[in-house]
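Peer 1: Have a look at this one before I ask anything.
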Amino acid sequence: MSVRKRLAGGAAAVAIAGAGVVAAPATASAAPATVQGALCYANDVTGSLGHNGKSIYCEDMSQYFYGAILCHKVDGSNYNYWHYGPVVGPNGASTVWCDYGAVVIEWRAYFA
């Protein structure tokens, strides 16, 4: 099964059977997401031009993973899109950015 087919949906934490992926709301820096037993967290980051993103990290993992964020354009177009961060090693941080003029509305962590 491809990684993209393993996406978990919803703003609340939702597990998909057999996928081993759990999603968490965008504001859930205090409420971790889990990737098969590893605790994952997301910290807000702001770029030099004011663009928004998340730095996603997972504790106690022995596998590579990457972060993903759902971005929302705030220009009135009501456009949402996904951006994917780099694959990082165990206990690394995958930092993902929205385009300028967009905000993060959801984040996730996936096995690479």
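Every residue, every condition in (1) modelled with pLDDT under 95; (2) assigned to a strand (DSSP E or B); (3) buried (at least 22 other Cβ atoms within 10 Å of the Cβ), yes or no:
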position	(1), (2), (3)
Ala68	no, yes, no
His72	no, yes, no
Trp82	no, yes, no
Pro86	no, no, no
Ser94	no, yes, yes
Ile105	no, yes, no
Tyr110	yes, yes, yes
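Peer 1: From the list Lys54, Lys73, exactly one residue is farther than 21 Å from Ala38 by Cβ and of a type in the set (Lys, Arg). Which is it? Quick ask: steps written out before the conclusion?
Peer 2: Values: Lys54 fails: farther than 21 Å from Ala38 by Cβ.
From the options Lys54, Lys73, the qualifying one is Lys73.
Peer 1: Let me ask another. Could you check the stretch 48-66 and list, in sequence order, the residues that are surrounded by 12 or more Cβ atoms within 10 Å (Cβ to Cβ) and within 17 Å of Val103 (Cβ to Cβ)? So that I can check it myself, show each step before the final result.
Peer 2: Initially, the stretch 48-66 is screened for residues surrounded by 12 or more Cβ atoms within 10 Å (Cβ to Cβ), giving 51-58, 61, 63-66.
Result: His51, Asn52, Gly53, Lys54, Ser55, Ile56.
The values are calculated or read from the model by the stated rules, or taken from the named source; none is laboratory data. In this text the structure is predicted, and so the values were computed from the model without any measurement. In this analysis, Cβ positions are derived from the backbone assuming ideal geometry, glycine residues included, and neighbour counts consider all displayed protein chains.
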